[in-house]
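What follows is a short report on a single structure.
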Amino acid sequence: MAPESSARVATSRRGFLRIGRRTVEPARRPPWAIDEALFVDRCTRCDRCIETCPTQILVRMDGGFPGVDFSRGECTFCGDCVSVCEPRALLRGDAAALPWTLVAAIGADCLAVRGVECRVCGEVCPERAIRFRLQLGGVAHPVLDAGVCTGCGACIGPCPARAIAMQSDNNIPTERET
């Protein structure tokens, strides 16, 4: 009997052990990382970018490749990781080049959305991209202005509900669209 098309079959030991768990999002590469396939081909896993990161958000991930762990802090976009990357897996074309197309996304687990007063994410956002809209008879709800959000991740670690994640900016409405 063939499995239903909607069912997922774990084809590896790791996949088998993850059954029933939340899906894991793909690794977030350091800022100014080149295309994933080329990044994996060029990166020598030397750890120089990890060692030079002043906010210590770059960590070894699957396969020993560097990735960003926003629970450890924020990216200041200093460019130190790019300057030490000899194989050029991190490449900043010009000073105006965006480090990535990520913006914060506030999920349904947000305390304010659930009726509990919390404004931590707005207080720590260096760009003031998260503001709070008053609700009649309730607590203020967070509103993200994706046009202002840099994707630095400052809001992720301090969130007590772990309700904030990074997404590609084409999936997030701006404040004017909400």
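Could you list, in sequence order, the residues of the range 28-45 that are closer than 19 Å to D169 by Cβ and in contact (Cβ under 8 Å) with a residue 24 or more places away in the chain?
R28, R29, P30, P31, W32, A33, I34
So for the range 92-108 (the condition being touching a residue at least 40 places away in the same chain (Cβ under 8 Å), over 27 Å from D35 (Cα atoms) and not assigned by TED's automatic domain parsing to the domain that holds C43), does at least one residue qualify?
Looking for residues that are touching a residue at least 40 places away in the same chain (Cβ under 8 Å), over 27 Å from D35 (Cα atoms) and not assigned by TED's automatic domain parsing to the domain that holds C43, one finds at least one in the range 92-108, hence yes.
In the range 89-102, what residues are at pLDDT 95 or above and either surrounded by fewer than 12 Cβ atoms within 10 Å (Cβ to Cβ) or outside any loop (DSSP other than H, G, I, E, B) (or both)?
L90, the sole residue that qualifies.
Would a scan of the range 60-68 turn up a residue that is assigned to a helix (DSSP H, G or I), within 18 Å of T150 (Cα to Cα) and at pLDDT 95 or above?
No, every residue in the range 60-68 fails to be assigned to a helix (DSSP H, G or I), within 18 Å of T150 (Cα to Cα) and at pLDDT 95 or above.
Could you grab me the full set of residues in the range 139-154 that are assigned to a loop (DSSP other than H, G, I, E, B), farther than 16 Å from R29 by Cα and either free of Cβ contacts under 8 Å to residues at least 60 places away in the same chain or of a type in the set (S, T, Y) (or both)?
V139, A140, D145, A146, G147, V148, C149, listed by residue number.
With the requirement that a residue be within 20 Å of M166 (Cβ to Cβ) and touching a strand residue (DSSP E or B) at 6+ places or on another chain (Cβ under 8 Å), what does the range 126-140 give you?
A129, I130, R131
The values are calculated or read from the model by the stated rules, or taken from the named source; none is laboratory data. Treat the numbers as computed from the prediction; the structure is a model and nothing was measured. Because the Cβ atoms are built from the backbone with ideal geometry, glycine has one as well, and the counts that use them run over all protein chains shown.
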